[in-house]
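A.B. asks: Here's a structure for you.
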Amino acid sequence: MLATRLPLLLTVFLMQALAEKPLQPLLDFVGPDAAQKWQAVNDGVMGGVSEGRFKITADKTMEFSGRLSLENNGGFASVRTKLTNFDIHGGDTLVVRVKGDGREYVLNIYTKSRRMAFSYRAPLPTTRDEWTEVSVPLDEFIPTSFGNRVEGMGPVEPDQINSLGFMLSDKKPGPFKLEVAWMKITR
């Protein structure tokens, strides 16, 4: 009986293997200069007093933490890569492995746009103290400026991407912590 089912089982296994798209590395925190590729940008640029910082941990993850404040019209903390060229193409999906504190963060894509405070955003939900993987297709990122949707902008143009980042702007003052293991893409 097994001999007659073996070709069927092999076919099913092969179809599943071909259907699964391999993840290709985009960002990790393994190299000795991993921290040099990142910068914190907080609401102090607008007079706010939120504190956001990052560090590379002994486990080779990035820890983004601090305290969100709504004082002085503040309300965001972020970390982003310095200007970089990424191997991202139309139709790609960004996959990020994170461990959070239960708050909803934002995954940001920055482009060469001349618009002020412009980025493409996607929600990044977290579960307290649990590693999760969040997948966001490139065409699901929303164009924003100062946190508001920008109408009339098309989808992200992959060749215009020059920075990626994480932000907290959930209007809930207090401490926060997000740990990022890596970011990968599927084609």
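A.B. asks: Residues that are at pLDDT 95 or above, within 16 Å of the chain's Cα centre (by Cα) and more than 18 Å from Arg97 (Cβ to Cβ): does region 121-136 have at least one?
C.D. replies: Yes: one or more hits.
A.B. asks: Which members of region 26-61 meet the condition of being part of a loop (DSSP other than H, G, I, E, B), more than 16 Å from the chain's Cα centre (by Cα) and either of a type in the set (Lys, Arg) or under 12 Å from Thr81 (Cα atoms) (or both)?
C.D. replies: Lys60
A.B. asks: Determine the pairs where a residue that is aromatic (Phe, Trp, Tyr), located within region 141-158, has a partner that is assigned to a strand (DSSP E or B) with Cβ atoms under 7 Å apart, the partner being 6 or more residues away or on another chain.
C.D. replies: Correct list of pairs: Phe141/Ile109; Phe141/Tyr120; Phe141/Arg121; Phe141/Ala122.
A.B. asks: Sticking with this structure for a sec: Only one of Lys99, Lys172 is surrounded by 15 or more Cβ atoms within 10 Å (Cβ to Cβ), at pLDDT 95 or above and among the basic types (Lys, Arg). Can you tell me which?
C.D. replies: Lys99
A.B. asks: If the requirement is being surrounded by fewer than 18 Cβ atoms within 10 Å (Cβ to Cβ) and either in contact with a Ser or Thr (Cβ under 6 Å, 6 or more places away or on another chain) or over 27 Å from Ile56 (Cβ atoms) (or both), which of these qualifies: Arg128, Arg115, Arg121?
C.D. replies: Every option except Arg115 fails the conditions.
A.B. asks: Here's a follow-up. For region 142-169, which residues satisfy the criterion of being surrounded by 13 or more Cβ atoms within 10 Å (Cβ to Cβ), assigned to a loop (DSSP other than H, G, I, E, B) and hydrophobic (A, V, I, L, M, F, W, C)?
C.D. replies: Val150, Met153, Val156
A.B. asks: Among the numbered criteria (1) in contact (Cβ under 8 Å) with a residue 40 or more places away in the chain; (2) touching a Phe, Trp or Tyr at 6+ places or on another chain (Cβ under 9 Å), which one does Ala117 miss?
C.D. replies: (1)
A.B. asks: Here is a further query. Give me the residue from region 82-141 that is assigned to a strand (DSSP E or B) and among the acidic types (Asp, Glu) and, out of that set, nearest to Asp33 (Cα to Cα).
C.D. replies: Filtering region 82-141 for residues that are assigned to a strand (DSSP E or B) and among the acidic types (Asp, Glu), the one nearest to Asp33 (Cα to Cα) comes out as Glu133.
Conditions tested, residue by residue: (1) exposed (fewer than 15 other Cβ atoms within 10 Å of the Cβ); (2) farther than 15 Å from Asn108 by Cβ; (3) of a type in the set (S, T, N, Q); (4) touching a residue at least 60 places away in the same chain (Cβ under 8 Å).
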site	(1), (2), (3), (4)
Ala35	yes, yes, no, no
Trp38	no, no, no, no
Met46	yes, yes, no, no
Glu63	no, yes, no, yes
Ser69	no, yes, yes, yes
Gly74	no, yes, no, no
Lys82	yes, no, no, yes
Asp87	yes, yes, no, yes
Gly90	yes, yes, no, yes
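A.B. asks: State the number of residues belonging to region 69-98 that are within 15 Å of Glu140 (Cα to Cα) and of a type outside the set (Val, Ile, Thr).
C.D. replies: Total meeting the criteria: 5.
The values are calculated or read from the model by the stated rules, or taken from the named source; none is laboratory data. Everything quoted here is computed from the prediction, not taken from an experiment. Neighbour counts are summed over all protein chains in view; Cβ atoms, including those assigned to glycine, are modelled from backbone coordinates with ideal geometry.
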